[in-house]
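So the structure is just underneath, and the comments pick up after that.
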Amino acid sequence: CKHAAPHTFKMEPHFNVARVETQWADSEEDLETAVACCPKDCIHTVPKADLALLEWIHRSQPRQRIVTCSVESMSGKGRGLEESPFVAMERFERRRTEM
């Protein structure tokens, strides 16, 4: 993905993964190519309204050296992150509405 959308993604060498550095820094076509060629299948399109919360959750989660993202990690059953950021966001939203 770093090569397909170089202004959006940067490599994080310590974890050997690419991360989003700047939102919307490449063309839609380049971003679609990045999604299609992602070797870990972990680039997800999310509603803009969810972005700030997902980024906050993602930053607060511990990382392992090699993170594997997959359908299982989106469901919260995968390895790599303590919990899927999508599952954590749903839990956070439920707590917030219960207050």
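The values are calculated or read from the model by the stated rules, or taken from the named source; none is laboratory data. Source: prediction; values computed, not measured. No Cβ is skipped: glycine too gets one built from the backbone with ideal geometry, and neighbour counts run over all protein chains shown.
Summary table
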read-out: Residues of the stretch 32-41 satisfying the condition of being more than 13 Å from the chain's Cα centre (by Cα) and either within 22 Å of Trp56 (Cα to Cα) or part of a loop (DSSP other than H, G, I, E, B) (or both); value: Pro39
read-out: Answer residue from the stretch 42-99, given it is assigned to a loop (DSSP other than H, G, I, E, B) and at pLDDT 75 or above and is farthest from Thr22 (Cα to Cα) among those; value: Met99
read-out: Cross-chain or 6+ apart pairs with Cβ under 6 Å, the stretch 1-18 first and within 10 Å of Thr33 (Cα to Cα), then at pLDDT 80 or above and aromatic (Phe, Trp, Tyr); value: Cys1/Phe9
